[in-house]
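Below: one structure, written as structure tokens.
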Amino acid sequence: MQGRSEPPDPFRLEGKVVLITGGSRGIGLAIAEETARAGAEAIALVARDAEALAVACRRIEKHDIQCVGVSADVTQQADVEAMVARVSQELGRIDILVNNAGGATFKSPLHEMRPEGWQKMIELNLFSSFLVSRTVLCQWQGSHGHRAIVNIGSTSSLKAFPELSYYSAAKHGLVGLTKTMAREVADLGVRVNLVCPHLVETQLTEGYRSGPDYEQLVADIPLKRWGEADEVARIVRFVASDAASYMTGSVLIVDGGWSS
């Protein structure tokens, strides 16, 4: 008597092609490695630094899957359209999009902030997610499938941070973008969710970790430590997988209890 075959593991990503912006380091690279471990068929990494992309792709290829690195500015429409076209041509399609590009590179009270600095950061942290999502969704029109968009927000999506008004405004905007997109594209079989980490140990946060406020930042977190990039990546893997098939328009907070 033949035994029944096991059902597929819904947490796995077999057969999925994943596109990750801001994928050459930090949380983006951790997401790439996590999706590779989950069995993704192929991964495309997008960033501006071609050398860093090459190094990141070599790490992903150690998992015996295809990895394509594309140097592009995700705030520029021409770059984004060319990037999506190249990924689709080389990998055949896109099943999962992770909008991870972003960052907070300076602090300033609002009355001292230069308009061009504000605009640049809004473009990086909000407009890029719209632009890449729009371009990928144009390819997905007219077909139906189990596909997912995961936007990477921040606890700045939920609460105010003085002297980071541009970052908080952009990340709050991602909440509205995610929820609206989720309703608009549900009929296409596309789920859209937002993952909001708090302070995470990456190269981009080294300055904070060596700064005078580090001990207080840790003390404010109930778990008494910063998060690790892998911990965020595992949440992204979950919400991108079929294990989260009934989740869309959701905001997932990964903050060690800080916002509780």
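The values are calculated or read from the model by the stated rules, or taken from the named source; none is laboratory data. Values in this document were obtained by computation on a predicted structure and should not be read as measured data. Quick reminder, even Gly has a Cβ in these numbers, built from the backbone with ideal geometry, and neighbours come from all protein chains shown.
Tabulated values for the structure
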{"item": "The range 203-233, residues that are within 30 Å of V185 (Cβ to Cβ) and buried (at least 18 other Cβ atoms within 10 Å of the Cβ)", "result": "G227, A229, V232, A233"}
{"item": "Criterion (assigned to a helix (DSSP H, G or I), without any contact (Cβ under 8 Å) to a residue 12 or more places away in the chain, of a type outside the set (F, W, Y) and over 15 Å from N99 (Cα atoms)) met by exactly one of A52, A82, A56", "result": "A82"}
{"item": "Only listed residue being buried (at least 17 other Cβ atoms within 10 Å of the Cβ), within 18 Å of the chain's Cα centre (by Cα), of a type outside the set (A, V, I, L, M) and closer than 22 Å to V192 by Cβ, chosen from G69, G28", "result": "G28"}
{"item": "Test: residue in the range 106-115 that is closer than 23 Å to A233 by Cα and either assigned to a loop (DSSP other than H, G, I, E, B) or not polar (S, T, N, Q) (or both)", "result": "no"}
{"item": "Which numbered condition S5 fails, given (1) within 21 Å of R93 (Cα to Cα); (2) in a loop (DSSP other than H, G, I, E, B)", "result": "(1)"}
{"item": "Which listed residue is in a helix (DSSP H, G or I), farther than 16 Å from S133 by Cβ and without any contact (Cβ under 8 Å) to a residue 60 or more places away in the chain, from E206, E184", "result": "E206"}
{"item": "Positions within the range 212-254 being in contact with a His (Cβ under 8 Å, 6 or more places away or on another chain), modelled with pLDDT of 95 or more, not polar (S, T, N, Q) and not in a strand (DSSP E or B), in sequence order", "result": "D242"}
{"item": "Extreme residue, surrounded by the most Cβ atoms within 10 Å (Cβ to Cβ), among residues of the range 99-117 that are more than 15 Å from F161 (Cβ to Cβ) and out of contact with any Gly (no Cβ under 7 Å at 6 or more places or on another chain)", "result": "N99"}
{"item": "Residue ID - modelled with the highest pLDDT, chosen from residues in the range 92-102 that are among the aliphatic types (A, V, I, L, M) and part of a loop (DSSP other than H, G, I, E, B)", "result": "I94"}
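Conditions tested, residue by residue: (1) part of a loop (DSSP other than H, G, I, E, B); (2) touching a residue at least 60 places away in the same chain (Cβ under 8 Å).
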site: V70; (1), (2): no, no
site: T75; (1), (2): yes, no
site: R86; (1), (2): no, no
site: E90; (1), (2): no, no
site: A104; (1), (2): yes, yes
